[in-house]
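Taking it in order: structure first as structure tokens, then the write-up.
The values are calculated or read from the model by the stated rules, or taken from the named source; none is laboratory data. What you are looking at is a predicted structure, and each value in this text was computed from that prediction instead of being measured. Don't worry about glycine lacking a Cβ; one is built from the backbone with ideal geometry, like all the others, and counts go over all protein chains shown.
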Amino acid sequence: MTNMTSYDAIVVGSGAGGAAAAYRLASAGLRIAILEKGPALPRDASTLDFAKVVHESSFKSKEVWRDGAGRSFAPEEHFNLGGKTKWYGAALLRFGRHEFAADEGHRCLAWPFGYDEIAPYYDEAEQLLGVRTFDTEPDLAHILARIQARSSGWRTEPMQMGLHPTIRDNRLEATRFDGFASVADLKSDAETAFLSKLRGRDNVEILGGTAVADLLGSPTNPLRITGVQLSDGRTLHANAVVLAAGALHSPRLLQRYLRSIDNGARLPIADVAGRYLKLHLLTAVVALTSSRKSDLIRKTTLLLNDTLPHSSIQPLGFDGELIGTLIPGIVPRPLAREMGERAYGFFLQTEDGSHTANRVIDGGRRRDDVPTLDYDAQRNAPALAEHLKLIAQFRMALVRAGTLAFSQRIGLAGTAHACGTLVTGSDPCRSAVDPTGRVHGLDALYVADGSVLPRSSRVNPSLTIYAWALRLADRLAPKLIEAAAPAEVTLA
């Protein structure tokens, strides 16, 4: 399909939510346009190049934001076909059954439905993504055994991973999947698992390097979305628009549109859009030992503690060169690299609560206006207290296991797990999106990305975003098929 300007659905964004929703809608025979702000990534192995990815940040967005205090920074966002999933660490874990309910003590919102509603879509997403587990490798097994022998309460579970079963045969890919983009398609990202199945279909158009500037509404009914305007001035029309630009970007498009229409600011959605931002509280911990490490994948086992019910620990899939970058800058780099060869990295994460003041605010249209990411972990005191306890307990467990450990908090720029800014719920005054994915108060506008998640669980949200998007598209497709069907003519 080429040069079309009218579709059954326009999907804005090609990450987990956008790719899964587009796949399901296109499979129903609908005409779909997938718009991605960035281009497809190169296939020349530069996405596995340590200098380009880590030191030069060649593939990260340079978009400038402000924090709540007005200080400038650049969130670690990626604009490319497949979105963040090209770079993520391939952890594809389900939320727990209890994590669909509210947790008032931890300030967590409830989902508008329970685990059983989304379970079939978890099943399907896992199958499409080729989710599997890998055996714990020797170095990690040794560390975990010593932790469990010397500190009580720690238990392990296999990590559900979106990695090809033969990845260990490719040493570079096996040591560069966490934070790097696969060239050999050995990681189950949104492009590999979903978009690749849509290429060549005459009902699908994938437009890379295409930024959306605005949502468009009907001239006679601005509460009905009819398409999008691109940053180059072109307009595309559709019977539905599905926002999947990510939790930092989808709410900005909605905020911008509400400002542009009469009475838009009076809709309940205007006060909700962008609020309830969740990032996870994140810390990297490095465990230094006396022996060189030879594990390849590393990221195979989840570590949990029932005294820390909103937290989890997973190994970083980092080799010695990458772990060396986490060692404090005061250490000379050659020595840091040598220390990294004898170290294991761990990723500690705690679910944060949902606070209305933690929010994304669009910057407006002037060249000197930039968006704001107003987030303060202090606003969710119970979560912060648990995370600090997690760090302390795990570092002590590592010391007892015979390692020297130090930690480094992930700052505000670490937005890989951002969600919640267009939260789903049944109450249009307290949520942005209804349980089917439609934006409260607006017709034909849906949200398929992590913006909708009321809770982020204690694990990575990617699999839940895929599952939500498949469920949304299942409910949207029949409506679009009906809208596309020619009207029956009754002869007198």
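Taking the conditions exactly as written (of a type in the set (A, V, I, L, M, F, W, C) and surrounded by 17 or more Cβ atoms within 10 Å (Cβ to Cβ)), does F113 satisfy them or not?
no
Working only within region 117-140, note down all residues that are in contact (Cβ under 8 Å) with a residue 12 or more places away in the chain and in a helix (DSSP H, G or I). Give the steps one after another, and end with the answer.
First, pick out the residues of region 117-140 that are in contact (Cβ under 8 Å) with a residue 12 or more places away in the chain: 117-118, 121-122, 124-126, 128-140.
Across region 117-140, the qualifying residues are E117, I118, Y121, Y122, E124, A125, E126, L128, L129, P138, D139, L140.
Scan region 327-348 and report the pairs whose first residue is touching a residue at least 60 places away in the same chain (Cβ under 8 Å) and whose second residue is surrounded by fewer than 16 Cβ atoms within 10 Å (Cβ to Cβ) and among the acidic types (D, E), with Cβ atoms within less than 8 Å and a gap of 6+ or a chain change.
Pairs that qualify, where the first residue is touching a residue at least 60 places away in the same chain (Cβ under 8 Å) and the partner is surrounded by fewer than 16 Cβ atoms within 10 Å (Cβ to Cβ) and among the acidic types (D, E): there are none.
If we scan region 379-400, do we find a residue that is more than 26 Å from the chain's Cα centre (by Cα), crowded, with 21+ Cβ neighbours inside 10 Å, over 30 Å from G82 (Cβ atoms) and of a type outside the set (V, I, T)?
First, the residues of region 379-400 that are more than 26 Å from the chain's Cα centre (by Cα): 392-393, 395-400.
Filter once more, keeping what is crowded, with 21+ Cβ neighbours inside 10 Å: 397-398.
This time we only want the ones that are over 30 Å from G82 (Cβ atoms), so: 397-398.
Filter once more, keeping what is of a type outside the set (V, I, T): 397-398.
Taking every residue of region 379-400 in turn, at least one turns out to be more than 26 Å from the chain's Cα centre (by Cα), crowded, with 21+ Cβ neighbours inside 10 Å, over 30 Å from G82 (Cβ atoms) and of a type outside the set (V, I, T).
All but one of (1) at pLDDT below 95; (2) assigned to a loop (DSSP other than H, G, I, E, B); (3) crowded, with 16+ Cβ neighbours inside 10 Å hold for R430; which doesn't?
Going through the list (1) at pLDDT below 95; (2) assigned to a loop (DSSP other than H, G, I, E, B); (3) crowded, with 16+ Cβ neighbours inside 10 Å, R430 breaks only (1).
Of all residues in region 463-480, which are farther than 12 Å from Y23 by Cα and aromatic (F, W, Y)?
The one that is farther than 12 Å from Y23 by Cα and aromatic (F, W, Y): W468.
Evaluate the following for F318: is it aromatic (F, W, Y) and out of contact with any Pro (no Cβ under 6 Å at 6 or more places or on another chain)? Show your work before the answer.
Details: aromatic (F, W, Y): yes; out of contact with any Pro (no Cβ under 6 Å at 6 or more places or on another chain): yes.
Yes.
Looking only at region 304-356, which residues are touching a Phe, Trp or Tyr at 6+ places or on another chain (Cβ under 8 Å), of a type in the set (A, V, I, L, M, F, W, C) and under 20 Å from S151 (Cα atoms)?
Passing the criteria: L304, I313, F346, L348.
Restricted to region 445-480, and to residues that are surrounded by fewer than 24 Cβ atoms within 10 Å (Cβ to Cβ) and closer than 24 Å to L223 by Cβ, which residue is nearest to the chain's Cα centre (by Cα)?
Step by step, filter region 445-480, then rank; the result is R475.
Can we say T464 is over 25 Å from A74 (Cβ atoms), outside any loop (DSSP other than H, G, I, E, B), in contact (Cβ under 8 Å) with a residue 40 or more places away in the chain and out of contact with any Pro (no Cβ under 6 Å at 6 or more places or on another chain)?
Values: over 25 Å from A74 (Cβ atoms): yes; outside any loop (DSSP other than H, G, I, E, B): yes; in contact (Cβ under 8 Å) with a residue 40 or more places away in the chain: yes; out of contact with any Pro (no Cβ under 6 Å at 6 or more places or on another chain): yes.
Answer is yes for this residue.
Among the residues of region 38-78, which ones are touching a His at 6+ places or on another chain (Cβ under 9 Å) and either free of Cβ contacts under 8 Å to residues at least 60 places away in the same chain or not in a loop (DSSP other than H, G, I, E, B) (or both)?
Residues satisfying the conditions are K60, S61.
Can you find even one residue in region 93-106 that is on the phi > 0 side of the Ramachandran plot and either out of contact with any Gly (no Cβ under 9 Å at 6 or more places or on another chain) or not polar (S, T, N, Q) (or both)? Talk me through it step by step, then tell me what you get.
First pass over region 93-106, keeping only residues on the phi > 0 side of the Ramachandran plot: none.
No, region 93-106 contains no residue that is on the phi > 0 side of the Ramachandran plot and either out of contact with any Gly (no Cβ under 9 Å at 6 or more places or on another chain) or not polar (S, T, N, Q) (or both).
Can you tell me which of (1) buried (at least 17 other Cβ atoms within 10 Å of the Cβ); (2) under 30 Å from R400 (Cβ atoms); (3) touching a Phe, Trp or Tyr at 6+ places or on another chain (Cβ under 6 Å) is the one L215 doesn't meet?
(2)
Among the residues of region 130-153, are any aromatic (F, W, Y) and under 17 Å from N460 (Cβ atoms)? Before the answer, list the steps.
Going through region 130-153, the residues aromatic (F, W, Y) turn out to be 134.
Applying the additional criterion that residues be under 17 Å from N460 (Cβ atoms) yields 134.
Checked against the condition, which is being aromatic (F, W, Y) and under 17 Å from N460 (Cβ atoms), region 130-153 yields at least one hit.
Being buried (at least 19 other Cβ atoms within 10 Å of the Cβ), closer than 17 Å to H142 by Cβ and hydroxyl-bearing (S, T, Y), is that true of even one residue in region 298-318?
Yes, region 298-318 contains a residue that is buried (at least 19 other Cβ atoms within 10 Å of the Cβ), closer than 17 Å to H142 by Cβ and hydroxyl-bearing (S, T, Y).
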